[in-house]
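For reference, the structure is listed below as structure tokens.
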Amino acid sequence: MPASVLNTLQLHRTVRLGEPMIKTQDLRKIFKIGKKQKETLVAVDGLNLQIAEGEVFGFLGPNGAGKTTTVRMLTSLIRLSSGSAEINGLKVGVDDTEIRRNVGILTESPGLYERLTAEQNLRIFAELYGIPEPEKAINKYLSMLDLWDRRMDAAGTYSKGMRQKLAVARAILHEPKVLFLDEPTTGLDPEAAKTVRDFIDELKHQGRTIFMCTHNLDEAERHCDRVGIFKQRLLALDKPSALREQLFGRKVVFHLANATSEMCAAVQALPEVKTLEKIENKLLLSLDEPEKMNPVITRVLVDEGADILFIGEIKQSLERVYLEMIRSEDSSQTKKINQSVERNRV
Amino acid sequence: MKNIRTIIKKEWAEVFKRRVVVLIMLLVPLLFTLIPLVMLGVMSNTSVGGDVSPEMLAQSGSLPGDMEAVCAGLSGNDCMQVMMVIQFLLMFMMMPLLLPITIAAYSIVGEKTTRSLEPLLATPITTLELLVGKCLAAVIPAVGATWASFALFNIGLILVKVSPGVRAYILGPTWLLGILVLGPILAIIAVNFALYVSSRVSDPRMAEQVSGVLIFPFMGVILAQLAGVITINIKFMLLSIVVCALIAVGMFYLGTIIFDRENILTKWK
């Protein structure tokens, strides 16, 4: 990917849905590792984010990218090494107890008390969050997540999907303004995943701010207002559709009855056409503004004697955007390492 | 306080569903109560040392250390019973060391293995509340079981017709201090030690076994007492309370450092 494109992506355009609910500035986390704790590992390197109230934000990145570490910092579970973060105006590292009261977290692993019933599991958290009417809240979420009939069974007897649903209920029980979901549907069967997804939709409609770490790019695309692609640092941040456009441009396909080289030449002569690829009777064009250019191109093709069967836009999947970003980051890291090795040699 | 209560309730609901914990909590106090009762019952109904005064026993070298002073006013048989019961009373004091280790090992390492600590730490509970809750959840049943079995033991002494002199010695200030004050302090030491061990191991049984090393210093006290190097009297008990209280405070402080949220989440594997 050209450096200019990457730079453009790193401009981090903000979708303004409301006041920032989550704000980070130069957020860094460095772990001391090794037996003598002398080596360091940079898990999060200068994260700048502003997530608006009511926004659903997808945090994408490979394993070990630092997503969980970021969530743990934002939920006041671990300290920040440097930089700052605020949740709903509360400062991480200062107002930690208040932050924990205001956020809900679905951890990577459900982490239930397996010998206790679903009801007992939720009751403990209802008490710890100081919910005024615990019974009402417990019953509400057990019903909403289809766990009512099994509420008196030990959580250890639950299927993976049911455990995840119970963990979701636990995270939302105290009606937090901000919800952190770490891989909410990983490992679930399609039915359970759908229940969780529908529930996320429901939460979105309630106007809650959701910070969702996920590998599931379809899920991110479906739910998220914006996504951030992250690997120790933020590689890109925007709406899924905008990321696609910035990275790949917009592609339009013209299905013709009889594509000829003259037709191709005539279309390619238009300055707005960035690239043209001919695949059998199809012309694949890269355009900045298809809405403006499609009628022009149609006229040119018709003038050249083309019979146009169909015109459509090709959408690149978010998965492709993600993979491009991660690969590009990996190769730039390798390049940096090679340069550093080279310098050391000199 | 409310959060501490919730943690205790949760711990008990979970831990006491494990058969092994319930079995240990019932069997150990029962054994520690019945064995000395049977032995004292047998001794009370025989004439071991009956015609010999404690002074004569001391002259013959049968009384270790300051036992002569302890046995002052008692018959030879009573003195022999006191000598024997001291070993069992020391065992009683070992109970608050042994029992909470079992609970703590399951409650803390268990949370590690089921990964339930992270959601718990994400609630508004403070680290101190969590630590105190977990500590009390292990200490209360252990101390309760010790006190209950000590009470049962004292009732049993009447039933097996142990002489009033021996019963008065057992219910004297030395052992009351030992059971009522030193016992809970020892339990706190044991739980904090189990907590420290828990941060290094990932299997509850291993935590239990490693924490078991705490018994060795205690065994040392029993052996030293048997060899006549030390005498368990009120002075010794008060000194032990002070020393153990200091150790407990130190270990509690160490426990709060180990129980730091970041340490638990990132280093407890």
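Could you grab me the full set of residues in segment A:30-40 that are in contact with a Lys or Arg (Cβ under 8 Å, 6 or more places away or on another chain) and within 14 Å of chain B (Cβ to nearest Cβ)?
Across segment A:30-40, the qualifying residues are A:Lys32, A:Thr40.
Would a scan of segment B:162-174 turn up a residue that is farther than 20 Å from B:Met80 by Cβ and free of Cβ contacts under 8 Å to residues at least 40 places away in the same chain?
no
Look at segment B:106-131 and say how many of its residues are modelled with pLDDT of 80 or more, within 14 Å of chain A (Cβ to nearest Cβ) and out of contact with any strand residue (DSSP E or B) (no Cβ under 6 Å at 6 or more places or on another chain).
17
Within segment A:54-106, can you find the residues that are closer than 15 Å to A:Ala43 by Cβ, in contact (Cβ under 8 Å) with a residue 12 or more places away in the chain, facing chain B (nearest Cβ under 9 Å) and not in a loop (DSSP other than H, G, I, E, B)?
Answer for segment A:54-106, where residues must be closer than 15 Å to A:Ala43 by Cβ, in contact (Cβ under 8 Å) with a residue 12 or more places away in the chain, facing chain B (nearest Cβ under 9 Å) and not in a loop (DSSP other than H, G, I, E, B): just A:Thr69.
Which pairs do you get when a residue that is at positive phi, found in segment A:140-157, comes within reach of a residue that is assigned to a helix (DSSP H, G or I), reach meaning Cβ atoms under 8 angstrom, with the pair 6+ apart or on two chains?
Matching pairs, first to second residue: A:Asp146/A:Lys165; A:Asp146/A:Thr195.
Specify the residue that is farthest from the chain's Cα centre (by Cα); the eligible residues are those in segment A:43-84 that are surrounded by fewer than 23 Cβ atoms within 10 Å (Cβ to Cβ) and of a type in the set (D, E, K, R).
Out of the qualifying residues, it is A:Arg79.
Of (1) within 14 Å of chain B (Cβ to nearest Cβ); (2) touching a helix residue (DSSP H, G or I) at 6+ places or on another chain (Cβ under 8 Å); (3) more than 21 Å from A:Pro176 (Cβ to Cβ), A:Arg150 satisfies all except one. Which?
Of (1) within 14 Å of chain B (Cβ to nearest Cβ); (2) touching a helix residue (DSSP H, G or I) at 6+ places or on another chain (Cβ under 8 Å); (3) more than 21 Å from A:Pro176 (Cβ to Cβ), only one is false for A:Arg150: (1).
Can you name every one of the helices (runs of 4 or more DSSP H) wholly within segment B:210-269 that holds 2 or more residues which are at pLDDT below 80 and more than 14 Å from chain A (Cβ to nearest Cβ)?
B:215-226, B:234-258
For (1) surrounded by fewer than 17 Cβ atoms within 10 Å (Cβ to Cβ); (2) modelled with pLDDT of 75 or more; (3) in contact with a Lys or Arg (Cβ under 8 Å, 6 or more places away or on another chain), each residue gets a yes or a no:
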{"residue": "B:Leu37", "(1), (2), (3)": "no, yes, no"}
{"residue": "B:Met43", "(1), (2), (3)": "no, yes, no"}
{"residue": "B:Thr46", "(1), (2), (3)": "yes, no, no"}
{"residue": "B:Ala69", "(1), (2), (3)": "yes, no, no"}
{"residue": "B:Gly73", "(1), (2), (3)": "yes, no, no"}
{"residue": "B:Met80", "(1), (2), (3)": "no, yes, no"}
{"residue": "B:Leu89", "(1), (2), (3)": "no, yes, no"}
{"residue": "B:Ala104", "(1), (2), (3)": "no, yes, yes"}
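If you go through segment A:208-231 one residue at a time, how many are crowded, with 22+ Cβ neighbours inside 10 Å and more than 27 Å from A:Thr195 (Cβ to Cβ)?
2
Please tell me if A:Leu166 is in contact (Cβ under 8 Å) with a residue 12 or more places away in the chain, aliphatic (A, V, I, L, M) and within 14 Å of chain B (Cβ to nearest Cβ).
So A:Leu166 fits the description; yes.
For a quick check of your reading: which helices (runs of 4 or more DSSP H) sit entirely within segment A:127-232 and have at least 2 residues that are farther than 17 Å from A:Ser109 by Cβ?
Fully inside segment A:127-232 and qualifying: A:134-144, A:190-205, A:217-223.
Exactly one condition in (1) under 29 Å from A:Ile78 (Cβ atoms); (2) touching a residue at least 40 places away in the same chain (Cβ under 8 Å); (3) over 28 Å from the mean Cα position of the chain (by Cα) is not met by A:Glu127; state its number.
(2)
Residue by residue through segment A:249-292, note down the ones that are in contact (Cβ under 8 Å) with a residue 12 or more places away in the chain, part of a helix (DSSP H, G or I) and under 17 Å from A:Lys315 (Cβ atoms).
Correct list: A:Pro290 only.
Filter segment B:1-35 for residues that are away from every other protein chain (no Cβ under 14 Å) and crowded, with 19+ Cβ neighbours inside 10 Å and give the result.
Within segment B:1-35, B:Met25, B:Val28, B:Pro29, B:Phe32, B:Thr33 meet the criteria.
Inside segment B:82-127, can you point out the residues that are closer than 18 Å to B:Phe216 by Cβ and of a type in the set (Ser, Thr, Tyr)?
B:Thr102
Name every residue in segment B:76-121 that is over 18 Å from B:Lys17 (Cβ atoms) and outside any helix (DSSP H, G or I), in order of residue number.
Of everything in segment B:76-121, just one residue is over 18 Å from B:Lys17 (Cβ atoms) and outside any helix (DSSP H, G or I), namely B:Arg115.
The values are calculated or read from the model by the stated rules, or taken from the named source; none is laboratory data. None of these values were measured; they are calculated from a predicted model. Because the Cβ atoms are built from the backbone with ideal geometry, glycine has one as well, and the counts that use them run over all protein chains shown.
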